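To start, the structure under review is shown below, and the notes come after it.
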Amino acid sequence: MKSFVLTLRSVAPLILILVCVCTAASAQTTVTLSPRHDAYVNDSAPSNNFNTAFLVAGKSTQEFLPRYRSFLRFNLASIPAGAVITSAALRLNLQAVEGSGTQAIEVHRVLTTWSATTLTWNNQPGNDATVEVSRSPGTVGGWYNFPIPALVQAWTDGTYPSYGVVLKAA
């Protein structure tokens, strides 16, 4: 299985972005957002916090098969009020792969608030069972779009609180 390793702070400041194309008051606007909060959790180190390193999602074939999940939350204040989201995607860059084969990475909506500085495997928030999108990235250095327009629309409409997303193995 492959681990999907995403680099945010270590290689470039904008490796993961949320790009929204929305229509508000008859004008189309593109909004690009970097995560306001991000961290990953690892079940082989369940009490540790990983908010200053790579973001990791997937299952490893190394180290006793640990599972990794990455949490991301965005500040949506720059999306105009009443906007109709016509396109929104997480844009992720695959920085490394561990193991062989392919593994799908799912995006789920997070259900409660969390803090990047205190997040651990043991206190991670729950996520909605609905898979927003699933992809199997493969080429290191490649960019992958995970479209989530309905979720961003629900956040901007207030249907759901904007607690962010979790990336995890399928």
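The values are calculated or read from the model by the stated rules, or taken from the named source; none is laboratory data. Keep in mind the model is a prediction, meaning the values are calculated, not measured. Methodologically, a virtual Cβ is constructed for each residue, glycine included, from the backbone with ideal geometry; neighbour enumeration extends over all protein chains shown.
A compact table of results
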read-out	value
Subset of region 52-84 that is within 15 Å of SER162 (Cα to Cα), over 15 Å from the mean Cα position of the chain (by Cα) and among the aliphatic types (A, V, I, L, M) - its residue that is modelled with the highest pLDDT	ALA77
Single match in ALA88, ALA116 (criterion: in contact with a helix residue (DSSP H, G or I) (Cβ under 6 Å, 6 or more places away or on another chain), crowded, with 18+ Cβ neighbours inside 10 Å and either farther than 20 Å from THR30 by Cα or touching a residue at least 12 places away in the same chain (Cβ under 8 Å) (or both))	ALA88
Selection status of GLY126, of a type in the set (Gly, Ala, Ser), at pLDDT 90 or above and loosely packed, with under 14 Cβ neighbours inside 10 Å	yes
Positions within region 65-79 being under 17 Å from ASN122 (Cα atoms) and of a type in the set (S, T, N, Q), in sequence order	SER70
Residues located in region 26-51, provided they are at pLDDT 85 or above, in contact with a strand residue (DSSP E or B) (Cβ under 7 Å, 6 or more places away or on another chain) and small (Gly, Ala, Ser)	ALA39
Number of positions in region 90-108 that are at pLDDT 85 or above and of a type in the set (A, V, I, L, M)	2
Residue that is surrounded by the fewest Cβ atoms within 10 Å (Cβ to Cβ) [pool: residues in region 129-162 that are more than 15 Å from the chain's Cα centre (by Cα), modelled with pLDDT under 90 and not polar (S, T, N, Q)]	GLY141
Flag if PRO80 is surrounded by fewer than 21 Cβ atoms within 10 Å (Cβ to Cβ), assigned to a loop (DSSP other than H, G, I, E, B) and in contact with a Cys (Cβ under 7 Å, 6 or more places away or on another chain)	yes
